[in-house]
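S.K.: Okay, handing you the structure first.
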Amino acid sequence: MSFPFKAVLFDMDGTITDSTALHDAAWDAFARAHLGSGLAPGDPRLVPGRTLDVVRAVLGRHVEGDEAQRLHDDKEQRFHAIARGRMRPIDGLRDYLEWLAGQGVATALVTNAPRMNIDFSLQELGLIDAFGITLGAEDVVRGKPHPDPFIEACRRLGVAPREALVHEDSQLGIKAGVAAGAAVAAILSGMSADAAQASGARWVTEDYVAWMAQIPMLAV
């Protein structure tokens with residue numbers, strides 16, 4: 001089967017691995033340590049974004065400099081302790097990546113997560129060398145929902161955004177992909193099909209097994 005894109009750009013949390021519950025548990029532990037009370041799943045402070053933005057939202061105050069770095073690392077170390085040995089790839093991901101490689105399609109991991117989480121997650125998933133490039137919070141000034149991460153990934157891969165497909169699992173990420181000029185296929189690990197399509201996703205799928213079944217019918 002043919003594929004109409006020269007590159008595929010993957011978000012990380014929720015897109016290559018369903019890690020939302022693990023992050024929620026880490027944020028709950030972080031809040032208990034620093035506020036004396038925990039956070040329930042779905043707390044409005046747990047918005048998708050960069051770790052430091054969520055740290056500030058959870059604490060309800062602005063932090064900078066050494067304190068900000070210490071709090072950032074504290075949360076991520078809690079995540080690593082909770083997630084170690086418990087992360088699994090989204091169904092069909094390995095087969096999809098192998099198929100893309102066989103088609104000569106470039107791949108990138110494009111996330112708001114810091115490098116320490118990228119390296120940890122790929123190691124846990126056994127996907128250290130699975131992506132052509134990885135791009136995280138340290139690589140661009142503005143993260144998602146700005147289009148900058150996807151635009152930069154396309155630049156590094158040598159493709160135009162219109163030649164790329166983005167896989168995302170959040171409204172924030174979908175909007176970033178659309179703003180970059182890429183087509184978006186949403187992974188429904190944590191949102192409804194209606195919400196994904198309202199944010200601009202052209203296609204929706206439960207996992208990569210179902211997505212590969214859709215590929216012969218793609219229209220761009």
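The values are calculated or read from the model by the stated rules, or taken from the named source; none is laboratory data. Here the structure is a predicted model, which is why all the values come from computation and not from measurement. Neighbour counts run over all protein chains shown; Cβ positions are idealised from the backbone, glycine included.
Rundown of residues vs (1) over 15 Å from SER170 (Cβ atoms); (2) crowded, with 19+ Cβ neighbours inside 10 Å; (3) not basic (Lys, Arg), yes/no style:
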position	(1), (2), (3)
SER2	yes, no, yes
ALA7	yes, yes, yes
ASP11	no, yes, yes
ASP18	no, yes, yes
GLY38	yes, no, yes
PRO44	no, no, yes
ALA57	yes, no, yes
GLY60	yes, no, yes
ASP66	yes, no, yes
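S.K.: Looking at ALA108, ALA137, ALA160, ALA130, which is the one that is free of Cβ contacts under 8 Å to residues at least 24 places away in the same chain and either of a type in the set (A, V, I, L, M) or closer than 18 Å to LYS6 by Cα (or both)?
M.R.: Every option except ALA160 fails the conditions.
S.K.: Does the range 8-21 contain any residue that is assigned to a helix (DSSP H, G or I), closer than 28 Å to VAL166 by Cβ and modelled with pLDDT under 95?
M.R.: Checking the range 8-21: at least one residue is assigned to a helix (DSSP H, G or I), closer than 28 Å to VAL166 by Cβ and modelled with pLDDT under 95.
S.K.: Pairs needed: first member in the range 176-188, on the phi > 0 side of the Ramachandran plot; second member anywhere, not in a strand (DSSP E or B); C-beta distance under 9 Å; at least 6 residues apart or different chains.
M.R.: If the second residue must be not in a strand (DSSP E or B), the pairs left are GLY181/PRO147; GLY181/PHE150; GLY181/ILE151; GLY181/CYS154; GLY181/ALA160; GLY181/PRO161; GLY181/ARG162.
S.K.: Looking at LEU71, LEU52, which one is of a type outside the set (D, E, K, R) and either closer than 30 Å to ALA160 by Cβ or modelled with pLDDT under 95 (or both)?
M.R.: LEU52
S.K.: Is it the case that the range 83-100 has a residue that's outside any loop (DSSP other than H, G, I, E, B), more than 29 Å from ALA7 (Cα to Cα) and among the aliphatic types (A, V, I, L, M)? Walk me through it before giving the result.
M.R.: The initial filter retains those residues of the range 83-100 that are outside any loop (DSSP other than H, G, I, E, B), namely 83, 89, 93-100.
Still in the list and also more than 29 Å from ALA7 (Cα to Cα): 83.
When the remaining residues are screened for being among the aliphatic types (A, V, I, L, M), the result is 83.
Checked the range 83-100: at least one residue is outside any loop (DSSP other than H, G, I, E, B), more than 29 Å from ALA7 (Cα to Cα) and among the aliphatic types (A, V, I, L, M).
S.K.: So, in the range 149-175, how many residues would count as being of a type in the set (A, V, I, L, M, F, W, C) and either touching an Asp or Glu at 6+ places or on another chain (Cβ under 7 Å) or within 21 Å of PRO114 (Cβ to Cβ) (or both)?
M.R.: The qualifying residues number 6.
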